[in-house]
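All of the numbers you see were taken from the coordinates with simple rules; none came from a lab. Because the structure is predicted, anything quoted here is derived from the model rather than measured. Cβ placement follows ideal geometry from the backbone for every residue including glycine, while neighbour counts extend to all protein chains displayed.
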Amino acid sequence: MKTKIFSIFCAILVIASGCSKSLLDTKNENAYDATSYFKSQKQFNEAIIAGYAVFNHGGMMSREWYFNFDLLANDASPAFSLVGTELQLADYSFTNSNEDLVFMWASLYRMIFRANLALKVMAKWTPADADEEKLKKQYIAEAHWLRGFGYYYLVSCWGRVPLKLDFDASLRNEEPRAAVADVWKIVEEEFTAAAKDLPVEYENQAEDLGRATQGAAIAYLGKALLSQHKYPEAAAQFEKLTKAPFQYELDPSFDHLFSEDNINSPEVIFAVNHLYTTPNTQYYMFWGWEGADGKTAHTGRAQEYGFNDWFNVIVPDPLVAAFSYPNPQNGTPYLDPRAALTWYGSPGSGGDIEICDHCPSGPLLYADQEIFHDVPPPLPNTWRKYEPYEYQQYTEAPMSGINTQVVRFADVKLMLAECYIEQNVQLPAAMTLINDVRNRLSVQAVNYPTSLNQVNARIAVRRERQIELAGEQSRWFDLRRWGIAKQTMNAERPAGPGQHAFEDKHLLLPIPLGERQSNKAVGNDVANDWN
């Protein structure tokens, strides 16, 4: 799947050459348009693969995605080298022209466009046999999943957005903004439709890793319901993933989840595959995309976040502080063991103080790295998660193959716990779910009592999500779902020189200026030049 999922989109217009006496009277068998190209099972598969390819387009997981949501939620803070559109996200000076956000909007709609095309051409496919009939159902389900994914993040980030539910609508740019409830309804319908015909797992695991499964559809349906505070309905979906036919389990190794082999973890429900395949394409994530850079699909995250490389961000002090809290059993000061698995830092910070544990030359002290020679203590805390520094001292170029975790089983367990806690039901079961995550073999954090009341259980699950999912682009959505984004961000990042306050408008992202200018129905429906 890694070599296929990001193939070039194959609806190609071939211009006919002039050897026929009358092109008007002769059907050119080599001329295609976006819909006439698709005839064979292989080509229908290409229509679906084109939708997955968008995961590595601008604004998505190859680069901007992690900057967007980590910086907005204070899961990353600027280091000295961070500039431009990313710095605007960190200091809340971004506008409706911020390229990182504009690219994300465009890519999500591109994913929807490609899903709409796939659904249109699939309707005309007459399968040759039972195997093709099964594949047709699967491809249609995948198209619904991709469309659901696009609208999930559009409504989560921008609220009221245009709905384009067929190929013809995708060709127009005149759809008005739909009500938030209507968009969520579509999201629920898409993931419900996807879950019906997606496989629990693919028969050809090596070939199809990275495609959406039934579990991915159920997980996102649950996330959509949870986002709307539909706790009983969300819990019902998450509960499905904890029993047969699903076999998800927590990975014993926390580090394995953020390694190049993490797609094979039993914890992964959906991850975006990254792979450096084409020589001399290290910088494709700066908008090279498909075609110009072959099939390469790596991510720049390790290089961008890495302290021994571009060093664009550090781990914020409030996030570091969150790992120190009262011992759940006796109230004494406690440092969560995941600190040393999440960041590098000085002795006393809780982070890992050595790099290169698996390098041929042996371990190296973090404090001895050349970049810190003139830096007085305490040293900045920098990302260990998603970095290769336990195996190499430098990344050398932005060509990481560490796959992006999008939803994993620990996340599902914590969301299910949240559903129980917010309903004030099954609190012991909720605490058991939280303790399951804490009991990971490589973590072994002190367990919470299962007798906590709702208030304390809520504190526990929110802390657990911040710690377990740090740097995984979850906190932005968590803070807004909990209704505490403004107060949290203004406490963690007080307004002052170089830092704007978090205002009510920041609960939604600004509608891109280009969209407002090209779609008058949207342009005339924007308040305060924002959303």
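Please work out the Cα center distance from the range 124-193 to the range 304-323, rounded to the nearest Å.
37 Å
Just from the alpha-carbon atoms, what are the Rg and Dmax of the range 192-338 in angstroms?
Cα only, the range 192-338: 19.6, 59 Å (Rg, Dmax).
Take peptides 257-265, 102-110 and line them up by average Cβ neighbours within 10 Å, highest first, as a rough protection proxy.
Per-residue Cβ counts within 10 Å, averaged per peptide and sorted highest first, yield 102-110, 257-265.
Once you've got the Cα coordinates, tell me which of Lys164/Lys505; Lys196/Lys230; Lys42/Lys413 are over 28 Å apart.
Table pairs above 28 Å Cα-Cα are Lys42/Lys413.
Which one, Thr382, Gly362, Val320, projects farthest toward the positive side of the charge dipole computed for the range 313-383 from Cβ point charges (K/R +1, D/E -1)?
Val320
Compute the distance from the alpha-carbon center of the range 243-278 to that of the range 415-478, in whole Å.
If we compute the Cα centre of each part, the gap is 21 Å.
Starting from the exponent 0.38 and prefactor 2.2 Å, build the expected Rg for the range 394-531 from its residue count and divide its actual Cα Rg by it.
1.38
For the range 342-463, which semi-axes, largest first and in whole Å, follow from the square roots of 5 times the eigenvalues of its Cα gyration tensor?
Sorted largest first and rounded, they come to 37, 17, 12 Å.
Over the C-alpha atoms of the chain, what are the Rg and the largest Cα-to-Cα span, Dmax, in Å?
Taking only Cα atoms of the chain, I get Rg and Dmax of 23.7, 90 Å.
Stretched out fully, how many nm does the piece from Lys185 to Asn490 gain, at 0.36 nm a residue minus the Cα gap?
106.5 nm
Pull out the extension gain between Lys520 and Asn280, defined as 0.36 nm times the separation in residues minus the alpha carbon to alpha carbon distance; nm, one decimal.
Taking Lys520 through Asn280 to full extension adds about 82.2 nm, to one decimal.
In units of 2.2 N^0.38 Å, what is the alpha-carbon radius of gyration of the range 313-383?
Against the empirical 2.2 N^0.38 Å value, I get 1.22 for the range 313-383.
Take the Cα atoms of the range 84-136, build their convex hull, and give its volume per residue in Å³.
Measuring per residue, one finds 96 Å³ for the Cα hull of the range 84-136.
How far apart, in nm, are two points set 7 Å out from the Cα along the Cα-to-Cβ line at Ser451 and at Ser346?
In this crude spin-label approximation the distance works out to 4.2 nm.
May I ask you to compute the full-extension gain from Glu203 to Glu132, defined as 0.36 nm times their residue separation minus their alpha-carbon distance, rounded to one decimal in nm?
Computed gain between Glu203 and Glu132 is 24.1 nm.
Using label points projected 7 Å from each Cα along Cα→Cβ, tell me how many nm separate Glu260 and Ser442, to one decimal.
That separation, rounded to one decimal, is 1.6 nm.
Using the crude model of +1 on Lys and Arg Cβ and -1 on Asp and Glu Cβ, and no other charge, please compute the dipole size for the chain relative to its Cα centre, in debye to 20.
Rounded to the nearest 20 debye, it is 1440 debye.
Using Cα pairs closer than 8 Å and at least 6 residues apart in sequence, work out the relative contact order for the chain, in percent.
Reported as a whole number, the value is 18 percent.
Any idea how far apart Leu365 and Ala501 come out in nm if each label point goes 7 Å out from Cα toward Cβ?
4.5 nm
Size of the range 111-227 along its principal axes in angstrom, Cα-based, largest extent first?
42, 31, 20
May I have the extent of the alpha carbons of the range 110-161 along their three principal axes, as whole Å values ordered from largest to smallest?
Answer, in whole Å and largest first: 43, 15, 12 Å.
Among Ser265, Ala244, Gly58, whose Cα sits farthest toward the positive end of the charge dipole of the chain (+1 at Cβ of Lys/Arg, -1 at Cβ of Asp/Glu, about the Cα centre)?
Looking along the dipole axis, the top candidate is Ala244.
Using only the Cα atoms, work out Rg/Rh for the range 307-349, with Rh taken as the Kirkwood radius, to two decimals.
Taking Rh as the inverse mean 1/r over Cα pairs, Rg/Rh reads 1.06.
Using mean Cβ contacts within 10 Å as the protection proxy, how do 342-351, 177-186, 363-372 order, highest first?
So the order, starting with the most tightly packed, is 342-351, 177-186, 363-372.
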